[in-house]
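Accompanying notes for the structure given below.
The values are calculated or read from the model by the stated rules, or taken from the named source; none is laboratory data. Computed from a predicted model, the values in this text were never measured in an experiment. Cβ placement follows ideal geometry from the backbone for every residue including glycine, while neighbour counts extend to all protein chains displayed. Only protein heavy atoms, including side chains, enter the accessible area calculation; ligands, DNA and RNA are left aside. Shrake-Rupley method; radii C 1.70, N 1.55, O 1.52, S 1.80 Å.
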Amino acid sequence: AIGNYSMDSALDGALKNTGVGYGSLGGITTGDSNTALGHNAGVSITTGTENVTIGQASGDSISGGSYNTILGTSSAPTLAGGSYNSIIGRRAGYSLTSGEYNSALGNAALYSNQTGFGNVAMGSHAGYSFVGSGGVFLGYEAGRGVSSADCVFIGYQSGKRALGTGNVGIGYTAL
């Protein structure tokens, strides 16, 4: 541990953890194999296992979630119990609370999703308003305005204004 209050609550059962930065892994009690780099990165992880959080306030609400990879300032800051998420980019997965198996890559990708399962968003603001499960968004603002489930949007602003469930849009500004 390097930094003020880094791994401040660590107990004897907390093994193989690395905290670098003020407050990083500050709440760890019995969680194992966690890595947190940055101011308050992973600060609330207590019992979670094999989480990686890099960036100021990244994954700072995780308590018992495990196997998450979170990179970027304020990425997945409200994720408390979700597991198996890969979140990369500033404010990516910003509203996730307990979602699982989500992949977000890009600034504010999957920003509004809280409890979704199995979503993929790649591109700045891809899947921004999406709150369901089973969504695939590839491209700048792909599916930005969509909030329902089971949608696929590929391309620049594809599905930006689409409504409903089960839509597929491929190409520049499709749907």
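For this structure, a couple of remarks:
- Less than 5 angstrom separates the built amide H of Leu105 from those of Ile88, Ala121, Met122, Gly123, all sequence-distant by 5 or more or on a different chain.
- Using the Cβ-Cβ distance between Ile170 and Glu50 with R0 set to 41 Å, the FRET efficiency works out to roughly 0.70.
- Positive-pole candidate from Asn85, Gly159, Asn40, dipole of the chain, charges at beta carbon: Gly159
- The range 55-75 versus the range 144-159: alpha-carbon centroid distance in Å: 25 Å
- Cα gyration tensor category, rounded, prolate or oblate, for the range 112-175 with a/c compared to 1.5: prolate
- Each peptide in 33-40, 94-101, 161-168 was scored by the mean count of other Cβ atoms within 10 Å over its residues; highest first, the order is 33-40, 94-101, 161-168.
- Rounded to the nearest angstrom and listed largest first, the equivalent-ellipsoid semi-axes of the chain from its Cα gyration tensor are 33, 14, 10.
- Within-9-Å neighbourhood charge of Asp32 [Cβ basis; K, R +1; D, E -1]: 0
- Cut-off under 5 Å, modelled amide H: who pairs with Thr18 long-range: Asn34, Thr35, Ala36
- Cβ crowding within 10 Å averaged over residues, with 12-24, 41-53 ranked highest first: 41-53, 12-24
- Net charge of neighbours whose Cβ lies under 15 Å from the Cβ of Val20, counting Lys and Arg as +1 and Asp and Glu as -1: -1
- Heavy-atom surface analysis with a 1.4 Å probe gives the range 21-150 a carbon and sulfur content of 54 percent of its accessible area.
- Considering only alpha-carbon pairs that sit under 8 angstrom and 6 or more positions apart, the relative contact order computed for the chain is 9 percent.
- Phe117 accessible area, assembled protein chains, probe 1.4 Å, Å²: 110 Å²
- The range 1-72: relative contact order as a whole-number percent, Cα under 8 Å and 6+ apart: 23 percent
- Solvent exposure of the range 1-60 amounts to 44 Å² per residue of accessible area, where only protein heavy atoms count and the probe is 1.4 Å.
- Peptides 63-69, 118-124 ordered by packing proxy, namely the average of other Cβ atoms within 10 Å per residue, highest first: 118-124, 63-69.
- Lys/Arg +1, Asp/Glu -1 at C-beta; the chain dipole; positive extreme among Gly169, Met122, Leu105: Gly169
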